[in-house]
Amino acid sequence: AVAFQGAVYVADYKGNRIRAIKNGAVTTAAGGVYGLNNAKGAAAQFRHPSGMAVDKNTILIADRDNHAIRRLDPATGAVTAVAGSGSKGLKDGSGGAAAFAGPEGITVADTGVAYVADTQNNRLRRLKQNGLVESITVGGIGFADGPGKVAKFAFPADVAAYKKQVYVADTVNHAIRLFATDSGTTSTLAGNKILGSADGKGKAARFNYPRSVAVNSKGVVFVADTGGHRLRRILPDGTVTTLAGTSAGYTDGPAEAALFSKPWGVAVDAAGALWIADSDNRRIRKYHLVPVEK
């Protein structure tokens, strides 16, 4: 997650830590032990922290195997509970009364409302500023567009908010879905349940277990296409192109030569550069994007 004052925060999934990168220097903001403990710095514990989102001057964390949403205050290193109790389940409610199942992605909209990819429940959930958690899709596992009661996902792993829309990396459906916050309707932006790496427009494009999405100030979407070892771009009209990557490997350099190995996360900064969690290479990479006029 790209945060304030030029800092980038990394969910170090297997290290059970939240790391910070600023001016090239890496520090541990919190965590280091597998467990569940709300505390400061190294005394805090996580179980496979995954997606993160900036919420004012704090960081919201989807703590996957604690089935919870946690909050990190970078100024103090304090980690606090927001929603979920550490037990796997499916329940709406406030704070610790709510239950999730392996949430992997979280985003905060301009309204201050957070949206959660409740991955193992195959639902989108809404986390209000008062701590209330609500299910906004309830269709269960599958692939279906439509209103909340009808829409279906298959292990959605990440979400990214832009204006009145939430983009969803619908991982096992190999698609990028679009949830409209005003109408409560889900549609498919690109991909169509068929695994592949083809560029194209809308449902003609193919993805390979996409796990992360990010969106810039112009509504251009970027995808960490994890199984395809690629970085993809989706223009507002649904046109998908491959920015970099062809197969598993590790190579820096021009986009056409760069290689990744299961990139799991992507974020965009204010300058338009992309930050990539190149998971199997155990590196954070940066892509200096050439602007596209649209």
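Counting only C-alpha contacts under 8 Å and six or more residues apart, can you give the relative contact order of the chain as a whole percent?
8 percent
Would you mind working out the accessible area per residue for the stretch 189-237, using a 1.4 Å probe, and quoting it in Å²?
36 Å²
Please report, as a whole percent, how much of the solvent-accessible surface of the chain comes from carbon and sulfur atoms (probe radius 1.4 Å).
Numbers: 6180 of 12170 Å².
Answer for the chain: carbon and sulfur cover 51 percent of the accessible area.
Would you mind calculating the relative contact order of the stretch 86-146 from Cα pairs under 8 angstrom and at least 6 residues apart, reporting the percent as a whole number?
Across the stretch 86-146, relative contact order equals 26 percent.
Taking the mean number of other Cβ atoms within 10 Å as a proxy for protection, how do you rank 56-68, 258-270, 25-37 from highest to lowest? Kindly include the intermediate steps, with their values, before the conclusion.
On the way: 56-68: 23.2, 258-270: 21.2, 25-37: 16.5.
Peptide ranking by packing, descending: 56-68, 258-270, 25-37.
Out of A44, G184, G89, whose Cα points farthest toward the positive end of the dipole of the chain (charges: +1 Lys, Arg; -1 Asp, Glu; placed on Cβ)?
Result: G89.
Keeping every protein chain present and rolling a 1.4 Å probe, give me the accessible area per residue for the stretch 1-117 in Å².
Values: 4740 Å² over 117 residues.
So the stretch 1-117 comes to 40 Å² accessible per residue, rounded to a whole number.
Around K40, which amide H atoms from residues at least 5 apart in sequence, or from another chain, sit under 5 Å from its own amide H, with H modelled in the peptide plane?
Residues meeting the amide H criterion: V79.
Using the per-residue mean of other Cβ atoms lying within 10 Å as a proxy for protection, in what order, highest first, do the peptides 273-279, 1-7 fall?
273-279, 1-7
Using Cα pairs under 8 angstrom and six or more residues apart, how large is the relative contact order of the stretch 146-190, in percent?
Computed value for the stretch 146-190: 34 percent relative contact order.
Indicate, rounded to the nearest 5 percent, the antiparallel portion of the DSSP beta bridges found entirely in the chain.
95 percent
Could you give the size of the charge dipole of the chain about its Cα centre, using +1 on the Cβ of each K and R and -1 on the Cβ of each D and E, expressed in debye and rounded to the nearest 20?
In total the dipole reaches around 240 debye.
Determine the percent antiparallel among the DSSP beta bridges restricted to the stretch 203-262, to the nearest 5.
The answer is about 95 percent antiparallel.
Sorted by mean Cβ packing within 10 Å, highest first, what order do the peptides 132-143, 149-160 take?
Final packing ranking: 149-160, 132-143.
Among (1) -0.69, -0.82; (2) -0.97, -1.10; (3) -0.79, -0.94, only one was calculated for this model; which label is it, if the read-out is log10 I(q)/I(0) by the Debye sum over Cα atoms at q = 0.12, 0.13 Å⁻¹?
Correct label is (1).
Around T171, under 12 Å between beta carbons, what's the net of Lys plus Arg minus Asp minus Glu among the other residues?
-1
Please give every one of the aspartates and glutamates within straight-line cross-link reach of K218, meaning a C-alpha to C-alpha distance under 20 Å, and leave out same-chain neighbours fewer than 8 residues apart.
Output for K218: D110, D158, D182, D237, D269, E293.
The values are calculated or read from the model by the stated rules, or taken from the named source; none is laboratory data. These numbers were taken from a predicted model, which means no experiment stands behind them. Ideal geometry is used to build each Cβ from the backbone, glycine not excepted, and the neighbour counts take in all protein chains shown. All accessible areas refer to the heavy atoms of the entire protein, side chains included, with ligands and DNA or RNA removed. Shrake-Rupley method; radii C 1.70, N 1.55, O 1.52, S 1.80 Å.
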